[in-house]
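Enquirer: My structure is below; once you've seen it, I'll send some questions.
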Amino acid sequence: MKKAGQPIAPRPRPPTADATASTPRRTRDVTSLYCQGSTLRCATAGCVPCAYKVGTFDTALDAEFTKRVPNQRPEMCPRSNAKIEGGLNGAYRLGMKVLCVGDGDMSFALAVAGQVFDKNASGEGSVVATSYEDQATLQKVYPNFEETLKSLRSYGGVKVGYKVDATNLHASFPDGLANTTFQRICWNFPCTAISRGQDGQNAAMEENKELVRRFVSCALPYLDRTCGEIHMIHKTKPPYNHWGLEKVALEGAGSQFEFKGKIVFDRCNLPPYVPRKALDRKSFPCHDACDYVFGWSGGGSNSSIPEAGAGADDDDDDDMEPEKIVKVTTKMLERVRAIHLRNQVGAERKKHERTTRKGGQRKKRQRTK
């Protein structure tokens, strides 16, 4: 029983759809931004990690969304632990020749091998997996390195190289590859090595820019002249967005080489790849990362980026092919946002109903005493 004169607390009201009402906000820049069908389908099906991959929501862009729908660990994606066989990444296809540089634990090369070789680990494709470190160092740093290496070598068309400098390929390439050209040359999260893991910070920005310039200049002679592309996965939030990767990579590359676009990075499409810091077994958050794609003017049939306009109006993601790459639009981001806010309102309403029901039961028990 309440004492006389004691104020009565207002009864909490259930969340309503008005909670999703628009407030002043900005969306991510969708200029030259693309996304793979599997990532978009997962985001619109209610996967929070994939929603953040597509929208890179943060407090600066959308405080309401980040407060109501906090990001989750990437392992919460329902595709994270699913057994996926090759063919789910639109940038790499059966029969391609791919060079991977700076691949610390070789897990990216293993992921690519799953894309360019068929289920029988055969085919016309080839993968050259290289690391800046020697084999002994990799064995010491990465506990699963030998297992990864064994899986890599199960593919007949894989060659492994150590102490390969991405900015000096002609002098450090494995034997027999001097005259080889590739349809894809990849370097993920290129960065100079800085102590205590603080790689990529503003203090080393100019050094990192020069690293990218030298890599692209060195890689061009090994790039297929008809459909070759250079891919660099990197984070897009500060300080990394200050690099101007789209422009820096083209400095000195010539007028026939251009920035094609960037694809939302989703490691679920490249199992068992796990991004790791240099000489560190720990992974790092990269939901904001994109695959920056550079290629020859005109491209070709094997281009990672679809032709202008292709897929720009794809709203029927239920029928979208998982490996299809489509243009990201502001309308698409608003749709993802609305779906997750509605889901959150529904979850909050159910929680409110449970709380109200328990409260009613507790009051009923008190009255019977």
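The values are calculated or read from the model by the stated rules, or taken from the named source; none is laboratory data. The structure presented is a predicted model; accordingly, all values stated were derived computationally and were not measured. In this analysis, Cβ positions are derived from the backbone assuming ideal geometry, glycine residues included, and neighbour counts consider all displayed protein chains. Just the protein is used for accessible areas: all its heavy atoms, side chains included, with ligands, DNA and RNA removed. Shrake-Rupley method; radii C 1.70, N 1.55, O 1.52, S 1.80 Å.
Enquirer: Can you confirm whether GLU251 is touching a strand residue (DSSP E or B) at 6+ places or on another chain (Cβ under 7 Å), at pLDDT 90 or above and either closer than 25 Å to MET106 by Cα or open to solvent by 40 Å² or more (accessible area, probe 1.4 Å) (or both)? Give the steps one after another, and end with the answer.
Expert: On the way: touching a strand residue (DSSP E or B) at 6+ places or on another chain (Cβ under 7 Å): no; at pLDDT 90 or above: yes; either closer than 25 Å to MET106 by Cα or open to solvent by 40 Å² or more (accessible area, probe 1.4 Å) (or both): yes.
No; evaluated as a whole, the condition is false for this residue.
Enquirer: Does segment 137-146 contain at least one residue that is within 23 Å of GLY261 (Cα to Cα), outside any loop (DSSP other than H, G, I, E, B) and of a type in the set (Phe, Trp, Tyr)?
Expert: Taking segment 137-146 first, the residues within 23 Å of GLY261 (Cα to Cα) are none.
No: segment 137-146 contains no residue that is within 23 Å of GLY261 (Cα to Cα), outside any loop (DSSP other than H, G, I, E, B) and of a type in the set (Phe, Trp, Tyr).
Enquirer: Scan segment 275-282 and give yes if some residue there is in contact (Cβ under 8 Å) with a residue 12 or more places away in the chain, under 16 Å from LEU211 (Cα atoms) and assigned to a loop (DSSP other than H, G, I, E, B), otherwise no.
Expert: Our first condition is that a residue be in contact (Cβ under 8 Å) with a residue 12 or more places away in the chain; within segment 275-282, this holds for 275-281.
Now narrow it down to the ones that are under 16 Å from LEU211 (Cα atoms): 278.
Filter once more, keeping what is assigned to a loop (DSSP other than H, G, I, E, B): 278.
Yes, some residue in segment 275-282 is in contact (Cβ under 8 Å) with a residue 12 or more places away in the chain, under 16 Å from LEU211 (Cα atoms) and assigned to a loop (DSSP other than H, G, I, E, B).
Enquirer: Still on this model: For segment 195-215, which residues satisfy the criterion of being at pLDDT below 90 and touching a Phe, Trp or Tyr at 6+ places or on another chain (Cβ under 7 Å)? Talk me through it step by step, then tell me what you get.
Expert: Of segment 195-215, the ones at pLDDT below 90 are 195-205.
Those that are at pLDDT below 90 and touching a Phe, Trp or Tyr at 6+ places or on another chain (Cβ under 7 Å): GLY200, MET205.
Enquirer: If you check TYR240, TYR292, which single one turns out to be in contact (Cβ under 8 Å) with a residue 40 or more places away in the chain, among the hydroxyl-bearing types (Ser, Thr, Tyr), surrounded by 17 or more Cβ atoms within 10 Å (Cβ to Cβ) and more than 30 Å from GLY176 (Cβ to Cβ)?
Expert: Working: TYR292 fails: more than 30 Å from GLY176 (Cβ to Cβ).
Of TYR240, TYR292, the one residue that is in contact (Cβ under 8 Å) with a residue 40 or more places away in the chain, among the hydroxyl-bearing types (Ser, Thr, Tyr), surrounded by 17 or more Cβ atoms within 10 Å (Cβ to Cβ) and more than 30 Å from GLY176 (Cβ to Cβ) is TYR240.
Enquirer: On the given criteria, is VAL336 assigned to a helix (DSSP H, G or I) and either β-branched (Val, Ile, Thr) or at pLDDT 95 or above (or both)? Explain how you work it out, then say what you get.
Expert: Details: assigned to a helix (DSSP H, G or I): yes; either β-branched (Val, Ile, Thr) or at pLDDT 95 or above (or both): yes.
Yes, satisfied.
Enquirer: Would you check which residues across segment 117-168 are within 27 Å of THR192 (Cα to Cα) and among the aromatic types (Phe, Trp, Tyr) and list them?
Expert: Correct list: TYR132, TYR142, PHE145, TYR162.
Enquirer: Return the residues of segment 125-145 that are of a type outside the set (A, V, I, L, M) and under 18 Å from PHE173 (Cα atoms); say none if nothing qualifies.
Expert: Taking segment 125-145 and keeping what is of a type outside the set (A, V, I, L, M), we get 125-126, 130-135, 137, 139-140, 142-145.
Selection gives SER126, THR130, SER131, TYR132, GLU133, ASP134, GLN135.
Enquirer: A follow-up question, please. Run CYS227 past the list (1) of a type outside the set (Val, Ile, Thr); (2) open to solvent by 10 Å² or more (accessible area, probe 1.4 Å); (3) under 17 Å from the mean Cα position of the chain (by Cα) and report the number of the one that doesn't hold.
Expert: Tallying (1) of a type outside the set (Val, Ile, Thr); (2) open to solvent by 10 Å² or more (accessible area, probe 1.4 Å); (3) under 17 Å from the mean Cα position of the chain (by Cα), CYS227 fails exactly one: (3).
Enquirer: Determine whether LYS262 is open to solvent by 50 Å² or more (accessible area, probe 1.4 Å) and either assigned to a strand (DSSP E or B) or more than 24 Å from LEU152 (Cα to Cα) (or both). So that I can check it myself, show each step before the final result.
Expert: Values: open to solvent by 50 Å² or more (accessible area, probe 1.4 Å): no; either assigned to a strand (DSSP E or B) or more than 24 Å from LEU152 (Cα to Cα) (or both): yes.
Spelling it out, it is not the case that LYS262 is open to solvent by 50 Å² or more (accessible area, probe 1.4 Å) and either assigned to a strand (DSSP E or B) or more than 24 Å from LEU152 (Cα to Cα) (or both).
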